[in-house]
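Engineer: This is the structure, below, for whatever I ask next.
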Amino acid sequence: MVRVKLASGLAHMALWLLAVMTLSAGYAPAAFAKNVVKICAVLPTSGPAAAIGIGMMNSMDLAAKQINASGKLGDIEIELLKLDDGSQASMGMNAVLKAVSDPAVLACSAHFNSPVALATQDVFHRNGIANLVPAAIIGKLTAEQKGDEIFRIAPPDVWQISMAAKFPLAIAGKRFFLIDDSTQYGKSLVSEMEKNAVKEGGEKVGADSIAVGEKDFTAILTKAKGLNPDFIFFGGVTTEAALIRQQMVKLGIKALFYTGSGVISPTYISIAGPAGEGTYGYFYGLPYQAYPGGKKFVDDYAKGGYDKPFETYGLWAYASIEVLAEAAKRANAKGTLTRRGIIDELKTGEFPSILGEVSFPRPGDIKQRVIAYYGVKDGKWTMTHKSDENGKVIKLDTPVPLDAN
């Protein structure tokens, strides 16, 4: 009888030890499992803006990893669903449809290109899911949305150009020639530039359009040269801008080449080469070290093992995931961790991020804004001027490279 009791006791002890060993090995019961919240990241990791898109995707990946490792989300774990939109509306549509069909996807941060963001706008509305846009700046994306699902961590083009139109008039002169890339984004930029520059005393001497993918702009630039503008403004993105600038130099055009935030990228400099020197553009961001988490981001990215640079928009891509993760945490605490619950948090909250505190009042654009002006100097985009809250252009005492840290 004693032996039976002893055997029974040893069996219970063995089971207890097995349970302890199982837990210590990391095999926790289901009750301790994390609540996985999927966030879709839809960016151009192929196509003409691939370098920018890959840098942004890597930055979002870094954000998700660091947020999960910090444990600050409690019982939530973020999982990125990474999808490629190829800078094409059709690819973007397919990617977003795939993402929203997964009920575990509760929010998205999607699109660098405005035409792609416009194409998917209604998908987010119909499926009641937030898209915190990391870069696409066309104004009507938020201003004309049917619902309240679209948010943006960048200020809209309308506001940017209302400030930025004053810059070339201040440093170059009043006569200008406009070129757009025939996209809604490009046409919106040149329309706003014309309206605001004329309002400030500028004079349009001519305008023309190109097509994305086109490579020879000799005819348009020869026409522009004959009109003797003080500056040429281009509404478009990186590749075409670089080729235009190369051909301006080849034709001996002395006018300032001025463009928007969609061109401020190391990719522009690598394509344009030495011809890129002297290009100017406006951007809604300061050099990275000016932001609370800027230097740490640069250092952490370098340690992250990524084989491509974070490019110009890495900081904003990282912050987008920070904001969505915090919105999910707050919704979870209220028992409303749903697609609608995250939208409601984004509409009313202020969120800590590596950019500082950010918020998104209606129609969904970031409240905290700045415009800075960058020229290509010694192969780097370098901030030389900024605007105050009234749009007055102020020259910096010491220029600061965008990627300084």
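Computed from the coordinates by the stated procedures, all read-outs in this text should not be read as laboratory data. Note that the structure is a prediction, hence the values are computed from the model and not measured. Reconstructed Cβ throughout: ideal geometry from the backbone, glycine too, with neighbour counts over all protein chains shown.
Engineer: Defining a contact as two alpha carbons under 8 Å apart and six or more residues distant in sequence, what relative contact order in percent does the chain show?
Structural biologist: 16 percent
Engineer: Top mean-square fluctuation among Leu337, Leu106, Leu315, Gaussian network model of the chain, C-alpha springs under 10 Å?
Structural biologist: Most flexible of the set in this elastic network: Leu337.
Engineer: Determine the dipole magnitude for the range 191-266: charges of +1 sit on the beta-carbon of Lys and Arg, -1 on that of Asp and Glu, nothing else is charged, the reference point is the Cα centre, and the result goes in debye to the nearest 20.
Structural biologist: Around 220 debye, computed over the range 191-266.
Engineer: 222 nm [θ] for the chain, helices only, -39500 (n - 2.57) per DSSP H run of 4+, per residue, to 500? Please report the intermediate quantities before stating the final value.
Structural biologist: Details: 14 runs with 174 residues, N = 405.
Result for the chain, helices only: -13500 deg cm²/dmol.
Engineer: Among His111, His125, which comes first, then next, by fewest other beta-carbon atoms within 10 Å?
Structural biologist: Values: His111 30, His125 16.
Ranking His111, His125 by Cβ neighbours within 10 Å, fewest first, gives His125, His111.
Engineer: Only bridges whose two residues both fall in the chain count here: according to DSSP, what percent of them are antiparallel, nearest 5?
Structural biologist: If we restrict to bridges inside the chain, about 30 percent are antiparallel.
Engineer: Can you find, among Thr312, Gly273, Leu324, the residue sitting farthest towards the positive end of the charge dipole of the range 260-359, where Lys and Arg contribute +1 and Asp and Glu -1 at Cβ?
Structural biologist: My answer, from the dipole projection, is Leu324.
Engineer: For the range 351-402, compute Rg over Rh where Rg is the Cα radius of gyration and Rh is the Kirkwood radius from the inverse mean 1/r over Cα pairs.
Structural biologist: 1.08
Engineer: So for the chain, taking the charge dipole from beta-carbon charges (+1 Lys/Arg, -1 Asp/Glu), which of Ile253, Gly364, Leu106 sits furthest toward the positive end?
Structural biologist: Highest projection toward the positive end goes to Leu106.
Engineer: Something else: To the nearest 20 Debye, how big is the dipole of the chain about its Cα centre, given +1 on the beta carbon of each Lys and Arg and -1 on that of each Asp and Glu?
Structural biologist: So the dipole magnitude of the chain works out to roughly 460 debye.
Engineer: Going by amide H atoms built from the backbone, whose H comes under 5 Å of the H on Asn35, apart from near neighbours?
Structural biologist: Ile76, Glu77
Engineer: List the residues whose amide H sits under 5 Å from the amide H of Ala110, counting only those 5 or more places along or on another chain, with H placed 1.01 Å from N in the peptide plane.
Structural biologist: Val42, Leu132, Val133
Engineer: For Thr45, enumerate residues with amide H under 5 Å from its amide H, sequence gap 5+ or separate chain, H modeled in the peptide plane.
Structural biologist: Distant-sequence amide H within range of Thr45: Asp85, Gly86.
Engineer: So for the chain, taking the charge dipole from beta-carbon charges (+1 Lys/Arg, -1 Asp/Glu), which of Ala170, Asn58, Ala135 sits furthest toward the positive end?
Structural biologist: Asn58
Engineer: Which label marks the calculated value of percent of Cα pairs over 36 Å apart, given the options (i) 42; (ii) 18; (iii) 29?
Structural biologist: Answer label, from the structure shown: (iii).
Engineer: Ranked by Cβ crowding within 10 angstrom, fewest neighbours first, how are Cys40, Cys108 ordered?
Structural biologist: Arranged by neighbour count, lowest to highest, Cys40, Cys108 become Cys40, Cys108.
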